[in-house]
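A short worksheet on the structure shown next.
The values are calculated or read from the model by the stated rules, or taken from the named source; none is laboratory data. Quick caveat, the model's predicted, so the values are computed rather than measured. Every residue, glycine among them, receives a Cβ derived from its backbone with ideal geometry; neighbour counts consider all protein chains shown. Heads up: the accessible areas ignore ligands, DNA and RNA and are worked out on the full protein's heavy atoms, side chains in. Shrake-Rupley method; radii C 1.70, N 1.55, O 1.52, S 1.80 Å.
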Amino acid sequence: MLLIHVQKVTPRVSYTFKQICKRILGLDVDLTSKIETFIAHDGPKFSYGKQPLSKELYFQSVDLLFEHGLNDVDIQVFDWEDTKGFFEVKHTSSALPYDVFAATFYLLSRYEEYLPHVKDAIGRFPATESIAYSGTFLQDPVVDIWAYKFKDVLLEKYPDLKFGDKKFRLIPVISVDQTFAYKSKGILRSVGGGIRDLWKLKLDQFTDRIKVTIGLKKDPYDTFDFIIDLQKRKKRKAKVLFGLGDYSNNEKNISYNHPKHKSTIKHIADYIDVGLKVSYDAVCNLSILNKEKQRIESILNRRLLYSLCSFFKIKLPEAYRNFIELEIQEDYSMGYSGHSGFRAGTCTPFMFYDLDYEVQTPLVVYSFCFSALASDEEIANEESVRNEITSYIEKIKKVKGTFIPIFSNTTFSDLEGRPFWKSILEFIWNLEDE
């Protein structure tokens, strides 16, 4: 047990030290604000505050973890060893030159997303507004890197300190915007789509549409057997998240109530965890979200546990509060649509911290760093995709984190003209566990 002395045990302090010490490093800790308790403790310990108590192991703090609400935060990113840091401290006795705990909280709480910023065209917080982008550390899981720097300092002082045996994990996520390209779309949508194909001289697609409609060919978006086959060969904690929102400009899936749609979802759920791709309109609308939740629960005959926001549109804190209200346990939306990288600076799942209420919530946030949905327009070939993915995997393995790539069922369709994506998913799925 590691004892930590702080001037005051605030919710922010408890949250941050639990994430770094327990969830990332597997180290049991206890917090105290009583000097007598700290002095009497004869085991591993350190202090965190404005000044050291004596000659103990000491980490200087800034004010962030002892404040309430939102304040203007001055951030200057600087290079340190092989990483970046911010919230620099000046005390010569401090074991690190920056407040790693405050910096961690700033990134995990998504503090910057509550502050004034320029949103993109559909109201999202863009990567270009983030400190990670401007500080050029978006591609690095800095929170986990900092945690291991902190671990090295602890081991130098207390070489017998025991840490947990955390392992690298892989969770492929498949987002399903459209379950089928042509099948089960009804007469009006099918006829309209056929006319559009002819107007644009897409004769191959027109022919395929006819063949699929009359049952002579498999629908090009029905790539689920390929995914299920991978799962049969090697068990993964994969997630397939279906969109069941009402038809709109942003939601183009077939009716949730269509028998073929239901049977497809049930079939996949026999092999892989299934959740909800929350529609654009449901992200911040509790009643619409509840309706979509009831739809998927009626199909699965089990509680909804997993979510992914359409277009990765997370409006904080409203969206996550709604998920918590409806007892959704895990969200996989924490990433950027136009950039790869670590939106929250971490590759370790973390609990959502509500800055307005100053409380740790039960919602577990899984942060992805690579999305085929975001990269499709920019990446030209299989080699460049593999190189990018391999780079992320190497970084994540060093800190024993969780690699979460996001795909779509349409990614593996020949209709999209990128046949190499199937081999990419096979490459990822068959990675060795550690």
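What to note about this one:
- Filter result (surrounded by fewer than 16 Cβ atoms within 10 Å (Cβ to Cβ) and touching a Lys or Arg at 6+ places or on another chain (Cβ under 9 Å)) within segment 8-31: GLY26, ASP28
- When segment 88-116 is filtered for residues that are part of a loop (DSSP other than H, G, I, E, B) and either more than 18 Å from PHE342 (Cβ to Cβ) or of a type in the set (Asp, Glu) (or both), the ones remaining, listed by number, are VAL89, LYS90, HIS91, THR92, SER93, SER94, ALA95, LEU96, PRO97, ASP99, LEU115, PRO116.
- Identity of the residue in segment 318-348, acidic (Asp, Glu) and out of contact with any strand residue (DSSP E or B) (no Cβ under 8 Å at 6 or more places or on another chain), that ends up least open to solvent (accessible area, probe 1.4 Å): GLU318
- Residue pairs meeting the criteria (Cβ under 7 Å; at least 6 apart or on separate chains; first at pLDDT 95 or above, in segment 265-277; second of a type in the set (Gly, Ala, Ser) and open to solvent by less than 10 Å² (accessible area, probe 1.4 Å)): ILE272/ALA238; ASP273/ALA238; GLY275/SER307; LEU276/SER307; LYS277/SER175; LYS277/GLY243; LYS277/SER310
- Test set (1) at pLDDT 95 or above; (2) open to solvent by less than 50 Å² (accessible area, probe 1.4 Å) - THR136 fails condition number: (2)
- Within the set LYS315, LYS293, the sole residue that is within 21 Å of PRO349 (Cα to Cα) and either touching a strand residue (DSSP E or B) at 6+ places or on another chain (Cβ under 6 Å) or open to solvent by 20 Å² or more (accessible area, probe 1.4 Å) (or both) turns out to be LYS315.
- Residue check for TRP80: touching a Leu at 6+ places or on another chain (Cβ under 9 Å), touching a residue at least 24 places away in the same chain (Cβ under 8 Å) and surrounded by 15 or more Cβ atoms within 10 Å (Cβ to Cβ): no
- Flag if GLU88 is open to solvent by 30 Å² or more (accessible area, probe 1.4 Å), at pLDDT 95 or above, within 19 Å of SER130 (Cα to Cα) and over 26 Å from the mean Cα position of the chain (by Cα): yes
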